[in-house]
Amino acid sequence: VILPYRSIWGLIEKWRHTTLLAVLIALTACVGLVGCFFVMLLTKGVSNEMGLRASLIQQLEKTKTAEMKSSHKSLVFANMSHDLRTPLAAILGLIDLCLSDDSVCSELETNLLQMKSCATNLLGEFNPYFLMIKRDSFYMV
């Protein structure tokens, strides 16, 4: 097949630069779209990871706050344990002193023995809690 150079090849030569430019623009647009797609995929994973890390940090802060509150509560109870046990021991000591006196009448002795029994029972009721609180506050330190 013989083609006239000027009629067909002349048109090809004339539009060659325009066609090449259109192909380059289309190729650039495709590469840009594919690049944007990959950037979106990568960014989505990173943003999910950042969200998970932020929620983990919030959870750790809440846990730390709860632990601080718990340690403060244990320290308050430990101090309260001391504040209750000391006066009870003093009351029991004073009752024993009064009972050791020979000049105590029988009615007073009966009342003192009843007071001693009540204070001893109260201390006996509190002691397991005091020991538990003391153990908990020891482990918190």
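Consider segment 51-75. How many of its residues are free of Cβ contacts under 8 Å to residues at least 60 places away in the same chain and within 21 Å of PHE130 (Cα to Cα)?
5
For THR19, indicate whether it is at pLDDT below 80 and not small (Gly, Ala, Ser).
Yes; evaluated as a whole, the condition is true for this residue.
Just one of (1) aliphatic (A, V, I, L, M); (2) in contact with an Asp or Glu (Cβ under 8 Å, 6 or more places away or on another chain); (3) in contact (Cβ under 8 Å) with a residue 24 or more places away in the chain trips up LEU92, so point out which.
With respect to (1) aliphatic (A, V, I, L, M); (2) in contact with an Asp or Glu (Cβ under 8 Å, 6 or more places away or on another chain); (3) in contact (Cβ under 8 Å) with a residue 24 or more places away in the chain, LEU92 is out only on (2).
If we keep just the residues of segment 102-136 that are within 37 Å of the chain's Cα centre (by Cα) and charged (D, E, K, R), which is nearest to ALA78 (Cα to Cα)?
The extreme case among them is LYS134.
I need the full set of residues from segment 1-16 which are modelled with pLDDT under 65 and open to solvent by less than 100 Å² (accessible area, probe 1.4 Å), in order please.
Scanning segment 1-16 gives LEU3, PRO4, SER7, ILE8, GLY10, LEU11, ILE12.
Given the criteria in contact (Cβ under 8 Å) with a residue 60 or more places away in the chain, assigned to a helix (DSSP H, G or I), surrounded by 12 or more Cβ atoms within 10 Å (Cβ to Cβ) and not hydroxyl-bearing (Ser, Thr, Tyr), does PHE130 qualify?
Answer is no for this residue.
Evaluate segment 76-94: report whether one residue or more is farther than 30 Å from ILE133 by Cβ, modelled with pLDDT of 90 or more and loosely packed, with under 12 Cβ neighbours inside 10 Å.
No.
The values are calculated or read from the model by the stated rules, or taken from the named source; none is laboratory data. The structure presented is a predicted model; accordingly, all values stated were derived computationally and were not measured. Cβ sites come from the backbone with ideal geometry, for glycine too, and all protein chains shown count toward neighbours. Calculation scope for accessible area: heavy atoms of the full protein, side chains included, ligands and nucleic acids excluded. Shrake-Rupley method; radii C 1.70, N 1.55, O 1.52, S 1.80 Å.
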